[in-house]
1. Does residue 167 fit the bill of being closer than 26 Å to residue 256 by Cα and either touching a Pro at 6+ places or on another chain (Cβ under 8 Å) or assigned by TED's automatic domain parsing to the domain that holds residue 35 (or both)?
2. Going by the structure shown, is residue 111 touching an Asp or Glu at 6+ places or on another chain (Cβ under 8 Å), more than 23 Å from residue 233 (Cα to Cα) and in a strand (DSSP E or B)?
3. Of all residues in the stretch 56-75, how many are at pLDDT below 85 and crowded, with 17+ Cβ neighbours inside 10 Å?
4. Within the stretch 193-302, which strands (runs of 3 or more DSSP E) (wholly inside it) include 2 or more residues that are at pLDDT below 85, under 22 Å from the mean Cα position of the chain (by Cα) and among the small types (Gly, Ala, Ser)?
5. Are there any pairs, at least 6 apart or on different chains, whose C-beta atoms fall under 7 Å, with the first in the stretch 271-289 and under 17 Å from residue 177 (Cα atoms) and in the same structural domain as residue 192 (by TED's automatic domain parsing) and the second among the polar types (S, T, N, Q) and in a helix (DSSP H, G or I), and if so, which?
Amino acid sequence: MKKLFTLLALCTWLLMPAYAAKDKKGDIQKIHITYDYVSDNPNETPDAAKQTALARAKQQALEENFGLDISSVKSMVQKSKSGDGEVSSSTQVMNLSDISVRGEWVETISEKVLEQKFENGFWHIRVYVEGRARKHTSDKAEIQYVLLNDTSDRHMRDTYYDGDMIYLRFLAPVDGALCVYLVDENNDVMCLLPYEGSTQGFQPVKADKKYLFFDVNPNQFDFLGYQLGTTGGIIQNTIYIIFSPNKITKAVDKASDKNWRGERVPRNLSYADFKKWLERNQTLDEQLVVRREVITIHPNKQ
């Protein structure tokens, strides 16, 4: 496969309030925010920093307009004694391990970099984003998945090394259609699922059946799986896992030339076309589930 995406950043941020206005499309709202991103990661490229800033801006806009779901808040009571007897004090402790945003980004109207500079080892980027979003519906399927570097379930990964294979373990509570894409460091988008040669345009999945994808391609006898690679530096890929109980059809793509190693790579399309396809499906299908996972690829094992 091709080399992949750029490095994770340690970051802090400043932000300005996000604003929302009712759109003509029912429960879909227009929202926008101006957002300041600061990263002290010396390995982050200018483009990677910009993409991180835009992604964080959208996330913050969703949080401010739709709020967060906090699964559990527990109270811990601390007791102490004084001369007059026992005195109780209560401290509320929030468990932040299972928090999700109540809204989802549906369509980008505008995104701009207002300022970008590198000072004293810090990227300072101010961005503006405007788009359409809506509150999560309660009937979305709760899919389960994990990315692996072998065919067992013992090696769940978000970090890989040059030459590692990648696999996807997947489970859905209902019948449906699945598509999986990989975005590399050049914003080239590769279709990992459905497999090349599929005539359905999606990968059908059955309810409560555990799948292991990327191990065998039933449409291609010489399929040997997907291998990750890098030309030297630490890079990142972004994996999009897209599921719906309704029929969805993959984006229009094309066969690819071989990569820098002379190896065949999956069918691909531009990031702009992929984004249009995804936003259109999110607008039309309120039950569409989109999960985004960033994986890091290292040149070799230390």
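1. Taking the combined requirement at face value, the residue does not satisfy it.
2. Judged against the criteria, residue 111 is a match.
3. 1
4. Qualifying strands (runs of 3 or more DSSP E): none found.
5. Partner pairs satisfying both residue conditions: 288/281; 288/282.
The values are calculated or read from the model by the stated rules, or taken from the named source; none is laboratory data. Values in this document were obtained by computation on a predicted structure and should not be read as measured data. Quick reminder, even Gly has a Cβ in these numbers, built from the backbone with ideal geometry, and neighbours come from all protein chains shown.
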